[in-house]
Amino acid sequence: MSEPGIKSKPNYPGLEPDTSARQHLLIGEADGAGSLARTLDGLIGTANEDTITVLYTPGDGSDHSSTLTAARYPTPTISAQLEDVITAMQGVLRDARMGTRMYVAGSEPFIWAVIRAARELGMAEAAIQRERCGLMGRSVICVHCKTTAWRVSTTIYQCPGCELHLFVRDHFSRRWGVYQGVCVDAEAPGEVPEPEELEP
Amino acid sequence: MGNEASVAVPEVKPVETFRDDFTFANSPKAIRRFPFPFTEDSYMYSVNIEPHNGGPAGSPYAPAFDIDEHYLSEVEERRKVLAEDPSRCTVLEHMMPAQWDTLELLMESLSTDYPDYFVLTRDGDQWTWENRLLGIKDTFTFGDPDTLPYEPFEYITRQVQGDFTLHDQRDNMLYMDGGMLTCQADWSLQFDLGMNFYEWHGPVPRAHEMGVFERALKYLLNLRVGEPVRRLNWTMTVHPRMDTSPENYHKWGIDRATVTPENVGDYAHLRVELQSLYRLPRSNAVLFSIRCYLISLNELVTIPKWAKRMHRVIKTLPEDLADYKGFIGYRPMVVDYLAPFDDGAELTPGAAPE
Ligand code: HEM
């Protein structure tokens, strides 16, 4: 049931300072602070400091906010959790100019939650760079009851909504930011294979 | 478009079921016109696209959208699925012009191909649609969704056999931006919504590497108004079950474990999709029609040439395709069932019954 190289599975090319952009919005979670700092190092000096906004949350991971509060960087907005980062991002994007570039670094569920909210405000996905780091695990939606589990780290898990045992496919929806979970023992009820560690 | 003289006027049967007691069956006439997909003794993916400009008299290729003896049954099955899960029909907001395009195309095609059953009368933007098979007669204002009981796409696709998807074209790409999906071969519209052509085909083995999707997409991007194209796709399904959705897989998956050498002729069905693609005139969107036909092995072997060819194709189908199509488990039983019908004789080329 493995699905090697499935085309809907997203990749994470990493962050690359884009000096041609007119506004820069950097958003990070946990270990993502390091990637944001590297991006800032590339921007400072070429981009005007008031065109740069930095939003950060430790989220469920470790707190590296001190990396970003260094004096040479623009003052970051630090939040306790994802929801607050998204609220802050919405504020920035509402009066963003054309030519805004977003840089998102964090765990996969974090990245896609941010992208989804940004898209709703008209950001094109092509203008959003992404780098995955920090906590592993996938957001998975149960195709049967539509319950989303936030950090699934094994190939098979029990759906918190309908309690079916689900196999985690590589099929990924960018619209929802989730992988698909499908009943694993439908053809042999009760025969649930041993879960294995999910590849990232 | 099909021309009137060659389109069969179906004798529509009373409602049969595609679930629970499975009363669905094909008449001898329906068997003979079944869109058998195999033109050779083996099968592999290819860019099998051809113009959809009619076909042999009485065949499912003759009309634009085929209406057959199962019409009432399929409309009823769709109603049941939607009553349980209304999200099986979802269209993204920006596709409203494509919804009206779809309604117009389907109403024009059906009333041209089946004038005894469907009548469209237009007086400016005041349209009257009469569907005699369902006893519907509605007058509405074209372009004003509030004058119909459903949004235009759902309104008309509830009255037509087969699934439909709607695709916006932007930046040389097609997107899954809507659909009516109640008889799908194991894929989810809700999950695939918004995906691009490569993403929604993500799970298909081999075809990406073979360049099939790249060439197919190029072809579709250049699709022109009034020049629809078609292709056949196929899989196998246990029982005549239309709703083999992933949403309900936990309910129907078990069927695959119930096939035995004794019941395989009755249980195992060849499931063929006659897919046609239309460029829509106002919206520039693409309408994808997925018309599903089911035939049990018992019915299929009444056509000797098909029995032989089916045996050869199923026996030699590569493992990864049989696995993807979901019948790898009971494939040996299908092959054993068909083997006695195959004397190894050379077959005439093409998919026709003889
Ligand atoms: C807009 C048009 C089309 C739509 C909406 C569409 C949709 C789909 C979907 C949803 C699947 C199932 C994927 C899954 O497993 O989740 C599929 C399978 C497939 N599609 Fe398409 N498709 C389209 C056009 C084409 C064309 C033009 C080709 C031409 C070669 C093609 C070839 C295939 C093949 C080979 C499969 C695998 C089928 C099987 O083995 O059962 N598709 N398609």
Could you give me the ³J(HN,Hα) list for the stretch B:163-180, computed from phi with Karplus coefficients 6.51, -1.76, 1.60 and θ = phi - 60°, whole Hz, x at Gly and Pro?
-> 7, 9, 10, 10, 10, 6, 10, 9, 6, 6, 8, 9, 10, 7, 10, x, x, 10
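For chain B, what is the relative contact order in percent, using Cα pairs closer than 8 Å and at least 6 residues apart in sequence?
21 percent
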Alpha-carbon centroids, the stretch B:187-223 and the stretch B:1-70: separation in whole Å | 25 Å
Two-site FRET efficiency, residue B:341 against residue A:18, from Cβ-Cβ distance with R₀ of 60 Å, rounded to 0.05 | 0.40
Going through A:146/B:137; B:29/B:218; B:218/B:305; A:146/B:325; B:80/B:137 one by one, the pairs whose alpha carbons sit over 32 Å apart turn out to be A:146/B:137; B:29/B:218; B:218/B:305
Listed by chain and number, the aspartates and glutamates with an alpha carbon less than 13 angstrom from that of residue B:13, same-chain partners under 8 positions apart left out, are B:68, B:69, B:74, B:76
Calculated over the stretch B:159-301: convex hull of Cα atoms, volume per residue (Å³) | 136 Å³
Could you tell me the distance between the Cα centroids of the stretch A:127-200 and the stretch B:244-323, to the nearest Å?
-> 28 Å
When the Cα atoms of the stretch A:75-168 are enclosed in a convex hull and the volume is divided per residue, what value in Å³ results?
-> 124 Å³
Out of A:130, A:22, A:94, a Gaussian network model of chain A with alpha-carbon springs under 10 Å gives the largest mean-square fluctuation to A:94
Each residue of the stretch B:237-244 in order: what ³J(HN,Hα) in whole Hz does its phi give by Karplus 6.51 cos²θ - 1.76 cosθ + 1.60, θ = phi - 60°, with x for Gly and Pro?
-> 9, 8, 6, x, 9, 6, 7, 9
By DSSP, what percent of the beta bridges with both residues in the protein assembly as shown are antiparallel, rounded to the nearest 5?
-> 70 percent
Contour excess over end-to-end distance, with Cα ends at residue B:351 and residue B:116 and 0.36 nm allotted per residue | 81.6 nm
Magnitude of the Cβ-charge dipole (Lys and Arg +1, Asp and Glu -1) of chain B about the Cα centre, nearest 20 debye, reported as 700 debye
Taking only the Cα positions of chain A, the convex hull volume per residue in Å³ is 116 Å³
Taking H as built 1.01 Å from N, whose amide H comes closer than 5 Å to the amide H of residue B:174, not counting residues under 5 places away?
-> B:197
Enumerate the amide H contacts of residue B:136 below 5 Å, restricted to partners 5 or more residues apart or on another chain; note that Pro and chain-start residues carry no placed amide H.
-> B:131
Once the Cβ-Cβ distance between residue B:172 and residue A:98 is put in as r, and R0 is 22 Å, what FRET efficiency do you end up with, to the nearest 0.05?
-> 0.45
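Using only C-alpha atoms and all pairs of different ones, pull out the Kirkwood radius for the stretch B:28-99 in Å with one decimal.
16.0 Å
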Treating the beta-carbon of each Lys and Arg as +1 and of each Asp and Glu as -1, no other charges, what is the dipole magnitude of the stretch A:97-200 about its Cα centre, to the nearest 20 debye?
-> 920 debye
Taking a ≥ b ≥ c as the square roots of the eigenvalues of the Cα gyration tensor, with a/c under 1.5 meaning rounded and otherwise prolate when a/b exceeds b/c and oblate if not, chain B is prolate
List, largest first, the extents of the alpha carbons of the stretch A:23-132 along their principal axes, each in whole Å.
-> 33, 31, 21
If the viscosity is 1.002 mPa s and the temperature 20 °C, what Stokes-Einstein diffusion coefficient in µm²/s follows for the protein assembly as shown when Rh is the Kirkwood radius over Cα pairs?
-> 83 µm²/s
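Read-outs throughout are calculated quantities, based only on the coordinates presented, and are distinct from any laboratory measurement. Nothing here was measured: the structure is a model prediction, and the numbers come from that model. Neighbour counts run over all protein chains shown; Cβ positions are idealised from the backbone, glycine included.
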